[in-house]
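Notes to accompany the following structure.
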Amino acid sequence: MLFGLVQSGLGWDFNIILILAFVLGLLFAIIPHEVAHGFTALKMGDPSAKLAHRLSLNPAKHIDPLGLLSFVLLGIGWAKPVPVNPFNFKNFRRGNFWVSISGILTNLIIGFFSSLFLYLTYRYGHFNFTDTRNLGIFFLGFFFYFCTIINIALMIFNLLPVYPLDGFNMLDSFTKPDNGYMQFMRRNSTWVLLVVMVVLMFTGAISYARDGIVNGFLDFWGMIF
């Protein structure tokens with residue numbers, strides 16, 4: 001995703017701005033996602049994330065190098081998982097569900113309001129992807145663009161019922177421990193996740209779903225403004 005934009009013939013100064021906007025947009029997706037997991041776990045009775053100092057906005061505590069590379073190359077990736085011990089939850093099923101969905105909801109909320117600022121930058125700042133006349137508008141437009149699409153893509157990706165994604169843990173909250181599907185996923189998680197990533201890369205399924213949601217958000221703001 002980022003490579004395609006950087007190679008589009010922009011000057012070096014605009015390419016630097018583009019990379020900066022991408023990195024900041026990425027941080028505004030992965031850091032709140034992980035902090036939301038840790039904060040919700042704390043409220044549910046598990047202090048593991050707090051004790052590991054993961055309720056921090058420091059990017060160094062959350063960035064996974066391989067996951068970051070995947071974001072750059074594929075447009076989807078992951079951060080360092082926040083440590084969670086579900087046995088500390090006051091109620092296992094309730095805690096497991098809310099901790100799992102908290103990151104997804106956080107990405108949805110950030111993506112939704114980022115799309116508002118993207119729309120306003122487009123409408124009132126006259127932002128478009130090829131206009132390099134105003135460096136400030138160029139940065140703001142791409143920052144809100146990346147913040148929107150990365151948050152929504154991360155939300156969709158984490159909804160997949162594949163171990164160890166949040167969608168799997170949400171499903172785990174409602175199923176029996178000896179469920180055959182859950183056991184299979186735990187035993188074969190590495191290969192299943194690898195196959196899923198390859199399929200997503202070649203089909204662009206996440207991109208189609210992401211763009212549909214983002215366009216829906218922009219249409220919504222268009223009706224208001």
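Derivation of every value follows stated rules applied to the coordinates shown; laboratory data play no part. Small disclaimer: the values here were computed from a predicted structure and weren't measured. With ideal geometry, Cβ positions are generated from the backbone for all residues, glycine too; neighbour counts draw on all protein chains shown.
Over all pairs of distinct alpha carbons, what does the Kirkwood formula give as the hydrodynamic radius of the stretch 1-132, in Å?
Here the Kirkwood hydrodynamic radius works out to 16.5 Å.
Rounded to the nearest 500, the 222 nm mean residue ellipticity of the chain from helices alone is -23500 deg cm²/dmol, with -39,500 (n - 2.57) taken per DSSP H run of at least 4 residues. Each of the peptides 107-114, 182-189 was scored by the mean count of other Cβ atoms within 10 Å over its residues; in descending order, highest first, they stand as 107-114, 182-189.
Only Cα pairs under 8 Å and at least 6 apart count here; give the relative contact order of the stretch 7-97 as a rounded whole percent. List each step's numbers first, then the result.
Numbers: 89 pairs, mean separation 24.7, N = 91.
That works out to 27 percent.
Determine the distance separating the Cα centre of the stretch 18-63 from the Cα centre of the stretch 153-225; give it in Å without decimals. So the two Cα centres are separated by 19 Å. Using a cutoff of 8 angstrom between alpha carbon atoms and counting only pairs six or more residues apart, the relative contact order for the stretch 108-225 works out to 30 percent.
Relative contact order, whole percent, for the stretch 2-224 stands at 22, derived from Cα pairs under 8 Å and 6 or more residues apart.
Coupling constants for the stretch 56-63 follow from the phi torsions by the Karplus curve (6.51 cos²θ - 1.76 cosθ + 1.60, θ = phi - 60°), and in residue order they are 10, 8, 5, x, 4, 7, 10, 6 Hz; glycine and proline get x. Note that the stretch 48-53 has calculated 3J(HN,Hα) couplings of 4, 5, 5, 5, 8, 6 Hz, one per residue in order, obtained from phi through the Karplus relation 6.51 cos²θ - 1.76 cosθ + 1.60 (θ = phi - 60°); glycine and proline are x. With neighbour counts taken as other beta-carbon atoms within 10 Å, the residues VAL72, VAL198 rank, fewest first, as VAL198, VAL72.
For ILE63, nonlocal amide neighbours, meaning residues 5 or more places apart or on other chains whose placed amide H falls under 5 Å from its own, are LYS80.
Shown here for the stretch 85-169: trypsin sites (Lys or Arg not before Pro) in loop regions (DSSP other than H, G, I, E, B) with at most 15 other Cβ atoms within 10 Å, namely LYS90, ARG133. For the chain, the membrane-span-like helix rule (DSSP H, alpha carbon extent of at least 27 Å along the helix axis, mean Kyte-Doolittle at least -0.5) picks out 12-43, 92-124, 135-159, 205-224; this says nothing about an actual membrane. Exposure proxy for VAL162, VAL195: other Cβ atoms within 10 Å of each Cβ, ordered fewest to most, give VAL195, VAL162.
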